Amino acid sequence: MTTLERNPSSVWPWIVMAVAGLVTFVAAMSVSPDAVQGQLSRIMYVHVPSAWLAYLSFGVTMFASAMYLWKRDLAWDRRAHSSAEIGVFFTGLAISLGMIWGKSTWGVWWTWDARLTLTAIMFFVYLGYLALRRTTDDLDARAKRAAVMGVLAVIQVPLVHFSVIWWQTLHQPPSIIKPEGPDMDPSMVVTLLISVLSFTVMYAAMMYKRIDLARIEDAVLIAEQTNTGPAAGEAVVAPDLSGGS
Amino acid sequence: MRKYARFIVPAGVIVIALGFLMVNLSSTLVYFNTPAELQARDASDARLRLGGRVVPGSVVEADTTVVFQVEDCDTSVQVIHTGVPPQLFQEGIGVVVEGAWTGEAFESDTMLVKHDEEYRVDDEDYDKVDHTCSES
């Protein structure tokens, strides 16, 4: 179970991530800016896909957690963990970029509207998920605790997404996915779709790398726990107290 | 069965707590009042937020104040804003102002520009309508 079927040092995921990042960068920089916001509107091409990856990651964490609870296979636990970690990163990125955009557009870095508040809560709850995973070294207990939280915490994803529709918020409602069709210049819609697609590919490559790492981490933990050699290892020799001549 | 109870009980508690929070917080989760909601209130010193669209042609700038109308689909309210409005402030744009309702006008000292979901390359292409109206 702890053997490495795949080569953990494979380079191609890094290349995929770099290419996806470059595609997003070129697309975001070549499209015309919004007439009112100006250059600031380019933040959207990273902010929106980051928020999408947060949703996707936490959705995958929920699925993998449920699969763990059903199958009790630690491979599902590693997938849930990896996805949650990536999700926390992209939630943080979406919040940070949103703050930069908000300072220039709204005039404030932060305000307690429903969308912002619920996103911040989601960020901290998933940080809590990662913290929960460090409460024990017992792989099965850790996986079980995390899986329960991984399933329950996903309720926040629809709350965050629909907050802008359910309550009057300062944050604008979705521009593209709305009943009347996109309320956005077609060139921007295409650019946004390119960036969302690139980020999704990036997510897949990151998952591949992170799961490999999780497998190594688990293998190290198991090796430590089954270690029957001297407590301090071979390098340390017990002092000879017999006196001698 | 015990195995499932350990999962279902905390899940139930969380769902009930969350539902309770949502129902009770719903009014506070609303970030601002619409002009119609504001007019339904009595004048008071309470600090409120008013959101809507700056009526084109209504903006009058003086030394330290800006006076304009904020509208939604139904009605409009006069805003007397003290201070320098944000850079993006202009006629037809969405704003959220913070201040007190005197019964006749809204006296604000803080203004946020609310960007709506419209994105256009050309300023001419902006359809300059209040999107919140399309729902009702």
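Select, from A:ALA28, A:ALA54, A:ALA94, the only residue that is closer than 21 Å to A:ASP183 by Cβ, among the hydrophobic types (A, V, I, L, M, F, W, C) and under 15 Å from the mean Cα position of the chain (by Cα).
Working: A:ALA28 fails: under 15 Å from the mean Cα position of the chain (by Cα); A:ALA54 fails: closer than 21 Å to A:ASP183 by Cβ.
Of A:ALA28, A:ALA54, A:ALA94, the one residue that is closer than 21 Å to A:ASP183 by Cβ, among the hydrophobic types (A, V, I, L, M, F, W, C) and under 15 Å from the mean Cα position of the chain (by Cα) is A:ALA94.
Listed here are the helices (runs of 4 or more DSSP H) enclosed by segment A:105-198 that have at least 2 residues being farther than 26 Å from B:TYR4 by Cβ and more than 9 Å from every other protein chain (Cβ to nearest Cβ): A:114-132, A:156-166. For segment A:113-120, check the following and say yes or no: at least one residue is of a type in the set (Asp, Glu) and over 21 Å from B:PRO86 (Cβ atoms). No, every residue in segment A:113-120 fails to be of a type in the set (Asp, Glu) and over 21 Å from B:PRO86 (Cβ atoms).
Of the numbered criteria (1) more than 14 Å from chain B (Cβ to nearest Cβ); (2) in contact (Cβ under 8 Å) with a residue 12 or more places away in the chain; (3) part of a loop (DSSP other than H, G, I, E, B), the one A:HIS81 fails is (3). From the set of residues in segment B:65-106 that are among the charged types (D, E, K, R) and buried (at least 16 other Cβ atoms within 10 Å of the Cβ), which is modelled with the lowest pLDDT? Across segment B:65-106, the extreme among qualifying residues is B:ASP72. Applying the condition of being more than 20 Å from A:ARG42 (Cα to Cα) and among the charged types (D, E, K, R) to segment A:83-121 and asking which residue is modelled with the lowest pLDDT yields A:ASP113.
The values are calculated or read from the model by the stated rules, or taken from the named source; none is laboratory data. Keep in mind that this is a model prediction, so the values were computed, not measured. All Cβ positions, even for glycine, are placed from backbone atoms using ideal geometry, and neighbour counts span all protein chains on display.
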